Amino acid sequence: MAGRTLSAQEALQHGLINHVSVSPFSLISEAIALASKVANISPDAIIVTRAALRETWENGSVERGYQLVDERMRRGLMEGENAKEGLAAFKEKRKPVWKASKL
């Protein structure tokens, strides 16, 4: 940004990050807790998010990255088995049982 390194607190204040570890000693347990949350998300959602981040990085534009991923993956994402499972699990108030992604 200005040729200097930001502290974690400055990065948090500017919205560049959304969390700062409580302490160096809790970092691993916090990372594992976050990884557990991600592991419970639909594999399709993770694939689409990763693709959007990659396209945004390569194209330098959030809008263009989203557009490219949307064009390629929308139908598979919205009509796939995991979309149906997610909706059914929500309706039935249960945890979803995700299948391997076909995207």
request  = Tell me which of these Gln13 doesn't satisfy, since it passes every other one: (1) more than 20 Å from Trp98 (Cβ to Cβ); (2) at pLDDT below 90.
outcome  = (2)
Which numbered condition Ile28 fails, given (1) more than 28 Å from Ala8 (Cβ to Cβ); (2) over 13 Å from the mean Cα position of the chain (by Cα) = (1)
key: Pairs with Cβ under 9 Å, 6+ apart, first in region 33-55 and closer than 13 Å to Ser101 by Cα, second loosely packed, with under 13 Cβ neighbours inside 10 Å and among the β-branched types (Val, Ile, Thr)   = Ile46/Val38
task = Scan region 56-70 residue by residue and report those that are among the charged types (D, E, K, R) and either in contact (Cβ under 8 Å) with a residue 60 or more places away in the chain or under 18 Å from Ser101 (Cα atoms) (or both).
result = Asp70
key: Candidate set from region 1-60 (those that are in a helix (DSSP H, G or I) and of a type in the set (S, T, N, Q)); member that is surrounded by the most Cβ atoms within 10 Å (Cβ to Cβ)   = Thr56
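The values are calculated or read from the model by the stated rules, or taken from the named source; none is laboratory data. As the structure is a prediction and not an experimental result, all values here were calculated from the model. We place every Cβ from the backbone using ideal geometry, glycine too, and count neighbours over all the protein chains shown.
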